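Since the structure comes first, as structure tokens, the remarks are kept for the end.
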Amino acid sequence: MSRPESSLLKPLVGLSVLVVAMVVARAIADALGVKAPWYLLHELTVMLVPMLWLLARVYPRLDDSSRVGFVVTSGLFISLSAIAELLAIGARYWSFYEGFDPLSGLDLGAIPLEEFLSYPLLLNLPILWFLELSRARPDEPVLGPARAAGLTKVFKRASAAAFVAALGFIALALAGPATPLDVTTPAFVDAAGAVRYAAGPKQYGWTIVQLLGWAGTFALGAAVAHRLRWRTVLIVVATYFPFALFVELLACGRGWWVWNSQQTLGVFAWVLPVESFSMYLTGALMPVFCFEWLRGLWAEAPEARGLSLTPRPS
């Protein structure tokens, strides 16, 4: 491992220490019977701190096309996520359980402030981490023409398959019984200590969202396969996925949000539906692919391979 790459272990270690510190702090608060809005506190430490650190390191070194690509991608994902949040809460894709940790009580349109904060933090992190890794690995080659063409073909077929699968689940939802949705249905803790929630007819809403997410991710991947640094992309996935999945496990375990089993396949790994594992793979890949695609639209030479970044001094 080269010196620039090995130096990237430092922020990962720092993030791990921060995560452990927050878990210990919450455990001590539980032992003392102290209630606090841990969802918000977790966002302001474990997510906001690394995002601001990466933003300060990466953004000043970006060229104009990369800056525009980042800003547009970030704004696009944040705005669409906010709209999706409003629709999903209205359809009760998930609920909140405050028996363990209270929410902050700060709402935007009857939706907790914590929910709106989570999207820009979780969606900006993989892009910024990709850019930081790219700066540390400036000489990584892209795929050759033949391999890029093969990967593009695979991505296009996978995108079509995911879209067809989404259509199939939409058909199942439409063919199901029109059971009314009771918006007063509460979340509860089952005999195993897991927080559960089930309301409304079986509609597979979150499953459909994930399949459409994969369709979009593969389509974007096909558009940029020829110029992406794929080893760097894989490192982003390998580091971001366990971090984001830990956030999901902590959130669901504490009831910060509780997935509606009627909007999922109903297959759970303790408190996590299988869709959660999909969500943070697309959550790592789609923002990076979208950024790279948009960057190319504003680049003077969109066919140029790699990012224009100031390399890390040796």
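The values are calculated or read from the model by the stated rules, or taken from the named source; none is laboratory data. Computed from a predicted structure; not experimentally measured. For neighbour counting, all protein chains shown are included, and Cβ atoms are generated from backbone atoms with ideal geometry for every residue, glycine included.
Just a few scattered comments:
- Exactly one residue among Leu41, Leu86 is under 30 Å from Pro180 (Cβ atoms) and part of a helix (DSSP H, G or I), and that residue is Leu86.
- So Ala173, is it in a helix (DSSP H, G or I), in contact (Cβ under 8 Å) with a residue 40 or more places away in the chain and farther than 30 Å from Leu41 by Cβ: no
- Every residue from region 62-84 that is buried (at least 17 other Cβ atoms within 10 Å of the Cβ) and of a type in the set (Ser, Thr, Tyr): Ser65, Ser66, Thr73, Ser74, Ser81
- Taking the criterion of being farther than 19 Å from Pro138 by Cβ, assigned to a loop (DSSP other than H, G, I, E, B) and either of a type outside the set (A, V, I, L, M, F, W, C) or at pLDDT below 80 (or both), the residues of region 260-299 that qualify are Asn260, Thr264, Gly266.
- Boolean, Lys10 is over 17 Å from Pro102 (Cα atoms) and basic (Lys, Arg): yes
- Residue that is nearest to the chain's Cα centre (by Cα) [pool: residues in region 181-197 that are surrounded by fewer than 18 Cβ atoms within 10 Å (Cβ to Cβ) and either small (Gly, Ala, Ser) or in a helix (DSSP H, G or I) (or both)]: Ala194
- Residue within region 31-48 that is among the acidic types (Asp, Glu) and modelled with pLDDT under 90 present: no
- Single unsatisfied condition, Ser261 versus (1) buried (at least 19 other Cβ atoms within 10 Å of the Cβ); (2) small (Gly, Ala, Ser); (3) more than 24 Å from Arg147 (Cβ to Cβ): (1)
- Of all the residues in region 121-150, those that are part of a helix (DSSP H, G or I) and in contact with a helix residue (DSSP H, G or I) (Cβ under 8 Å, 6 or more places away or on another chain) number 16.
- Among the residues making up region 154-170, none is exposed (fewer than 12 other Cβ atoms within 10 Å of the Cβ) and under 10 Å from Tyr204 (Cα atoms).
- Listed by first and then second residue, the pairs linking a residue in region 102-121 that is in contact (Cβ under 8 Å) with a residue 12 or more places away in the chain to a residue that is of a type in the set (Lys, Arg), with Cβ atoms under 8 Å apart and 6 or more places separating them unless they lie on different chains, are Pro102/Lys35.
- Being among the small types (Gly, Ala, Ser) and not in a helix (DSSP H, G or I) holds for only one residue in Ser66, Ser104, Ser74, Ser79, and it is Ser104.
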